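*Asks:* Can you keep this structure in mind? I'll have questions shortly.
The values are calculated or read from the model by the stated rules, or taken from the named source; none is laboratory data. Keep in mind the model is a prediction, meaning the values are calculated, not measured. Every residue, glycine as well, gets a Cβ built from its backbone with ideal geometry; the counts of neighbours run over all protein chains shown. Calculation scope for accessible area: heavy atoms of the full protein, side chains included, ligands and nucleic acids excluded. Shrake-Rupley method; radii C 1.70, N 1.55, O 1.52, S 1.80 Å.
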Amino acid sequence: MTIFRIFALFFALTFISACSTKKGSPDISSNKVVPSTQQILYQQMEMVGFIHFSINTFTNKEWGYGDEDEQLFNPTELDVDQWVQVAKSCGIKELILTAKHHDGFCLWPSQYTDHSIKNSRYKNGNGDIVREFVDACRKHELKIGLYLSPWDRNHKDYGNQTYITYYRNQLKELLTKYGEINEIWFDGANGGDGFYGGANETRKIDNKTYYYWDGTIKLVKELQPNILIFSDSGPDIRWVGNENGSAGETFWSTINRHKISIGASDVNYLNIGEPKGSHWVIGQCDVSIRPGWFYHEAEDTLVKTPQELVDIYYKSVGRNAVFLLNLPPDKTGEIHPNDVKVLQEFKKIIDETFKVNLASNAECNADNYRLNNEMFSPDHIIDDDPESYWATDDGIKSAELIIELNDKTDFDRILIQEPIKFGQRISKFEVQIDNQNSWETVFEGTTIGYKRLIRINPVSVSKIKLKIIEANNIPAISNFGLFKSSEKKKAIL
Ligand code: FUL
């Protein structure tokens, strides 16, 4: 190639790249740690459900000892379709079934144990509730999760290495015989007293080494490449350190995986995460609609109120995590009417509150938007398109967005979202309202992430400012909303 040609090529490439920069690249540069496509889709589900149903439902226990007579398991009107329909109608997008809880009783006819449905009265031992469950979820287009308790109080080998082979064999059954499974749930409760094949003793294991989790996780991903794995420490979805459904006020989806391990993590750390975390591990807030995880008749009057569930929704979905709500079927095999009623009212409050974005016709301005390019302009925060977003120029890490409404508008709920496919960035922000020509701060916050829902006392204004004070990269916002709560009772702030 002649010198002239090399120069011509160089100038052409420079020109093309300058033009495309002017137009703006379709993406802002990503943070180092970002979610996988499966994780984004999972987070977008916002609400998932748990079904705790097993031999405990019939023995009225929370943690069965492992010595239960299998004949006790006998749901008379099992209606898996009802579980799925109830869950779906309250906004749940995936259901997770306790295929095996700590007592070791299996809801499918596992070939590796007798402590299962095959020795129960249900369908004279010919039943398979995992099969019924996956079929019903697929029929109603819900995603599917399975819970396989690592701790097994029935198995004679629990505590020895042979049990790990047993556990993995059961995983193989669940992950090869039932089609695509979207989530597997590894509980952190470990070791203690139990039946253990008749030994009736206490067995302690070392949480950090006993299960050889690395090998198990590899096996799970080999069997189901798109599956997401939940445990205290992920790798894909993590516990938030409590069972009351509340993620930290500050909540990072990023966390340092070497600081946590299954069954042995610092709960305060799990509840917050950290901005410089090495991995993206979604927070999942598990909580039961009743005091217990399994059904107990005595708790029929102790079902959480719709307002309590709404409060949990704000503390989970509204803090950048996923809400995992447990709905335990009763002895007949259906979700109790008291629970169903609460769920319907809960859903009504959420739907009515978030039906109309009062900012959807607002005029949005910012003190900076990337390359002054339409693609990153502030009006993308109200265009109802989750893919579009406002972002600043390189090097700008604080900015102000002004949202101007046509008239004075009453609202008491604020929604903010970051386009998380580029990572989680914002660490300090304020929401201000124009109060007779001076800005009054109505909320000071830290993280936003996938979704931040803010509850304030009702205000009536026409101008709102979102002030982004600190971010670990140029800030970007994909969605902003103002809403008026439909809660009849005084809302919890
Ligand atoms: C806990 C278990 O011990 C409970 O029984 C329940 O399954 C809950 C979701 O996780 O750690």
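*Asks:* Under the condition of being within 16 Å of the ligand (Cβ to nearest atom) and in a loop (DSSP other than H, G, I, E, B), which residue from segment 222-233 is farthest from G49 (Cα to Cα)? Give the derivation first.
*Replies:* Filtering segment 222-233 down to residues within 16 Å of the ligand (Cβ to nearest atom) leaves 229-233.
Subset that is in a loop (DSSP other than H, G, I, E, B): 232-233.
Details: D232: 18, S233: 20 Å.
This residue is S233.
*Asks:* Something else: All but one of (1) among the hydroxyl-bearing types (S, T, Y); (2) within 15 Å of the ligand (Cβ to nearest atom); (3) farther than 27 Å from T353 by Cα hold for S316; which doesn't?
*Replies:* Looking at each condition in turn, S316 falls short on (3).
*Asks:* Going through D393, D384, D410 one at a time, which residue ends up being under 21 Å from K484 (Cβ atoms), touching a Lys or Arg at 6+ places or on another chain (Cβ under 9 Å) and touching a residue at least 24 places away in the same chain (Cβ under 8 Å)? Explain how you work it out, then say what you get.
*Replies:* On the way: D393 fails: under 21 Å from K484 (Cβ atoms); D384 fails: touching a Lys or Arg at 6+ places or on another chain (Cβ under 9 Å).
Going through D393, D384, D410 in turn, the sole match is D410.
*Asks:* To continue, here is another question. How many residues does segment 282-299 contain that are open to solvent by less than 10 Å² (accessible area, probe 1.4 Å) and within 13 Å of the ligand (Cβ to nearest atom)?
*Replies:* Applying the first criterion (open to solvent by less than 10 Å² (accessible area, probe 1.4 Å)) to segment 282-299 yields 282-290, 292, 294.
Those still in the list that are within 13 Å of the ligand (Cβ to nearest atom) too: 284-290, 292, 294.
Of the residues in segment 282-299, 9 are open to solvent by less than 10 Å² (accessible area, probe 1.4 Å) and within 13 Å of the ligand (Cβ to nearest atom).
*Asks:* Going residue by residue through segment 482-489, is there one that turns out to be part of a helix (DSSP H, G or I), open to solvent by less than 30 Å² (accessible area, probe 1.4 Å) and touching an Asp or Glu at 6+ places or on another chain (Cβ under 8 Å)?
*Replies:* From segment 482-489, those part of a helix (DSSP H, G or I) are none; that's our starting set.
Among the residues of segment 482-489, not one is part of a helix (DSSP H, G or I), open to solvent by less than 30 Å² (accessible area, probe 1.4 Å) and touching an Asp or Glu at 6+ places or on another chain (Cβ under 8 Å), which makes the answer no.
*Asks:* Do we have any residue at all in segment 358-366 that's buried (at least 18 other Cβ atoms within 10 Å of the Cβ), at pLDDT 95 or above and on the phi > 0 side of the Ramachandran plot?
*Replies:* no
*Asks:* Taking segment 23-42 as the search range and keeping residues that are out of contact with any helix residue (DSSP H, G or I) (no Cβ under 7 Å at 6 or more places or on another chain) and either in a helix (DSSP H, G or I) or within 16 Å of the ligand (Cβ to nearest atom) (or both), which one is modelled with the lowest pLDDT?
*Replies:* For segment 23-42, the residue satisfying everything is K23.
*Asks:* Would you confirm, using the coordinates I've provided, whether V322 is in contact with a strand residue (DSSP E or B) (Cβ under 8 Å, 6 or more places away or on another chain) and open to solvent by less than 10 Å² (accessible area, probe 1.4 Å)? Let's see the steps before the verdict.
*Replies:* Numbers: in contact with a strand residue (DSSP E or B) (Cβ under 8 Å, 6 or more places away or on another chain): yes; open to solvent by less than 10 Å² (accessible area, probe 1.4 Å): yes.
In short, yes.
*Asks:* Within segment 107-125, is even one residue open to solvent by less than 10 Å² (accessible area, probe 1.4 Å), within 16 Å of the ligand (Cβ to nearest atom) and aromatic (F, W, Y)?
*Replies:* No, because not a single residue in segment 107-125 is open to solvent by less than 10 Å² (accessible area, probe 1.4 Å), within 16 Å of the ligand (Cβ to nearest atom) and aromatic (F, W, Y).
*Asks:* State whether the residues of segment 181-194 include one that is among the β-branched types (V, I, T), more than 16 Å from the ligand (Cβ to nearest atom) and open to solvent by 20 Å² or more (accessible area, probe 1.4 Å). Show your work before the answer.
*Replies:* We begin by selecting, within segment 181-194, every residue among the β-branched types (V, I, T); these are 181, 184.
Those left that are additionally more than 16 Å from the ligand (Cβ to nearest atom): 181.
Right, trim to open to solvent by 20 Å² or more (accessible area, probe 1.4 Å) and you get none.
No, there is no match, as no residue in segment 181-194 is among the β-branched types (V, I, T), more than 16 Å from the ligand (Cβ to nearest atom) and open to solvent by 20 Å² or more (accessible area, probe 1.4 Å).
Quick grid of which residues meet (1) open to solvent by 10 Å² or more (accessible area, probe 1.4 Å); (2) within 20 Å of G273 (Cα to Cα); (3) out of contact with any helix residue (DSSP H, G or I) (no Cβ under 6 Å at 6 or more places or on another chain):
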{"residue": "N437", "(1), (2), (3)": "yes, no, yes"}
{"residue": "F443", "(1), (2), (3)": "yes, no, yes"}
{"residue": "L453", "(1), (2), (3)": "yes, yes, no"}
{"residue": "N457", "(1), (2), (3)": "yes, no, yes"}
{"residue": "A476", "(1), (2), (3)": "no, no, yes"}
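*Asks:* Going through P337, P329 one at a time, which residue ends up being over 20 Å from the mean Cα position of the chain (by Cα) and buried (at least 23 other Cβ atoms within 10 Å of the Cβ)?
*Replies:* None of the others qualify; the one that does is P329.
*Asks:* While we're on this one: With the requirement that a residue be in a loop (DSSP other than H, G, I, E, B) and open to solvent by 20 Å² or more (accessible area, probe 1.4 Å), what does segment 54-90 give you? Give the steps one after another, and end with the answer.
*Replies:* Going residue by residue through segment 54-90, those that are in a loop (DSSP other than H, G, I, E, B) are 54, 60-69, 73-79, 90.
Listed by number, the residues that qualify are N60, K61, E62, W63, Y65, D67, D69, N74, T76, E77, L78, D79.
Rundown of residues vs (1) among the acidic types (D, E); (2) over 16 Å from E46 (Cβ atoms); (3) out of contact with any helix residue (DSSP H, G or I) (no Cβ under 9 Å at 6 or more places or on another chain), yes/no style:
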{"position": "A264", "(1), (2), (3)": "no, yes, yes"}
{"position": "Y295", "(1), (2), (3)": "no, yes, no"}
{"position": "V322", "(1), (2), (3)": "no, no, no"}
{"position": "P329", "(1), (2), (3)": "no, yes, no"}
{"position": "V342", "(1), (2), (3)": "no, yes, no"}
{"position": "K347", "(1), (2), (3)": "no, no, no"}
{"position": "A362", "(1), (2), (3)": "no, yes, no"}
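*Asks:* Can you say whether G277 is surrounded by fewer than 21 Cβ atoms within 10 Å (Cβ to Cβ) and within 16 Å of the ligand (Cβ to nearest atom), as far as the supplied structure shows? Can you show your working first?
*Replies:* Details: surrounded by fewer than 21 Cβ atoms within 10 Å (Cβ to Cβ): yes; within 16 Å of the ligand (Cβ to nearest atom): no.
For G277, the condition - surrounded by fewer than 21 Cβ atoms within 10 Å (Cβ to Cβ) and within 16 Å of the ligand (Cβ to nearest atom) - is not met.
*Asks:* Look at V134 and say whether it is more than 16 Å from the ligand (Cβ to nearest atom), over 19 Å from F294 (Cα atoms), at pLDDT 95 or above and surrounded by 19 or more Cβ atoms within 10 Å (Cβ to Cβ).
*Replies:* Numbers: more than 16 Å from the ligand (Cβ to nearest atom): yes; over 19 Å from F294 (Cα atoms): yes; at pLDDT 95 or above: yes; surrounded by 19 or more Cβ atoms within 10 Å (Cβ to Cβ): yes.
Here the answer is yes, as V134 does meet what is asked.
*Asks:* From the residues in segment 257-275 that are part of a loop (DSSP other than H, G, I, E, B) and modelled with pLDDT of 95 or more, which one is farthest from N56 (Cα to Cα)? Spell out the reasoning first.
*Replies:* Just the residues of segment 257-275 that are part of a loop (DSSP other than H, G, I, E, B), to begin with: 260-266, 271-275.
Still in the running and modelled with pLDDT of 95 or more: 271-275.
Values: N271: 29, I272: 33, G273: 34, E274: 38, P275: 41 Å.
Out of the qualifying residues, it is P275.
*Asks:* Let me ask something else. Go through segment 137-159 residue by residue and tally those that are open to solvent by 10 Å² or more (accessible area, probe 1.4 Å) and more than 23 Å from the chain's Cα centre (by Cα).
*Replies:* First, pick out the residues of segment 137-159 that are open to solvent by 10 Å² or more (accessible area, probe 1.4 Å): 138-143, 153-157, 159.
Within this subset, residues satisfying the condition of being more than 23 Å from the chain's Cα centre (by Cα) are 153-157, 159.
The qualifying residues number 6.
*Asks:* Does E243 fit the bill of being within 12 Å of the ligand (Cβ to nearest atom), over 19 Å from Q417 (Cα atoms), among the charged types (D, E, K, R) and open to solvent by 60 Å² or more (accessible area, probe 1.4 Å)? Show your work before the answer.
*Replies:* Working: within 12 Å of the ligand (Cβ to nearest atom): yes; over 19 Å from Q417 (Cα atoms): yes; among the charged types (D, E, K, R): yes; open to solvent by 60 Å² or more (accessible area, probe 1.4 Å): yes.
The answer is yes for E243.
*Asks:* Here is a check on your reading of the model: is L302 surrounded by 20 or more Cβ atoms within 10 Å (Cβ to Cβ) and hydrophobic (A, V, I, L, M, F, W, C)?
*Replies:* Working: surrounded by 20 or more Cβ atoms within 10 Å (Cβ to Cβ): no; hydrophobic (A, V, I, L, M, F, W, C): yes.
No, not satisfied.
*Asks:* For L309, work out the one condition from (1) away from the ligand (no atom under 16 Å from the Cβ); (2) part of a loop (DSSP other than H, G, I, E, B) it doesn't fulfil.
*Replies:* Condition not satisfied by L309: (2).
*Asks:* Does D383 satisfy the criteria of being in the same structural domain as V442 (by TED's automatic domain parsing) and charged (D, E, K, R)? Reasoning before the result, please.
*Replies:* On the way: in the same structural domain as V442 (by TED's automatic domain parsing): yes; charged (D, E, K, R): yes.
Criteria met by D383.
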